[in-house]
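The numbers here are math on the coordinates, done by the rules we state, and not lab data. This one's a predicted model, so the numbers in the text were calculated from it and none came from an experiment. Backbone-built Cβ (ideal geometry, glycine too); neighbour counts: all protein chains shown.
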């Protein structure tokens, strides 16, 4: 369908730059927001979402 998905190694600290450089349609995160394997950190999830939202505003 022509959509670009960016995944792998994304964290709250690097997702905005990745979006700025690559302009993906979708970003995927998993281990970049975990406090331990398989356990998500709510603060990191919030920070990730905020970084994505802020990068969309800047684009």
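Flag not set for residue 53, criterion: exposed (fewer than 12 other Cβ atoms within 10 Å of the Cβ) and assigned to a strand (DSSP E or B).
If the condition is being part of a loop (DSSP other than H, G, I, E, B) and in contact (Cβ under 8 Å) with a residue 24 or more places away in the chain, then segment 14-44 contributes only 23.
Suppose we keep only residues that are surrounded by fewer than 14 Cβ atoms within 10 Å (Cβ to Cβ) and over 20 Å from residue 56 (Cβ atoms) within segment 18-39. Which one would you say is nearest to the chain's Cα centre (by Cα)? Among those residues, the one meeting the criterion is 30.
Could you count how many residues in segment 1-17 are surrounded by 15 or more Cβ atoms within 10 Å (Cβ to Cβ) and either more than 12 Å from the chain's Cα centre (by Cα) or over 14 Å from residue 49 (Cα atoms) (or both)?
The total comes to 1.
When segment 16-37 is filtered for residues that are out of contact with any helix residue (DSSP H, G or I) (no Cβ under 7 Å at 6 or more places or on another chain) and closer than 9 Å to residue 5 by Cα, the ones remaining, listed by number, are 24, 25, 26, 28.
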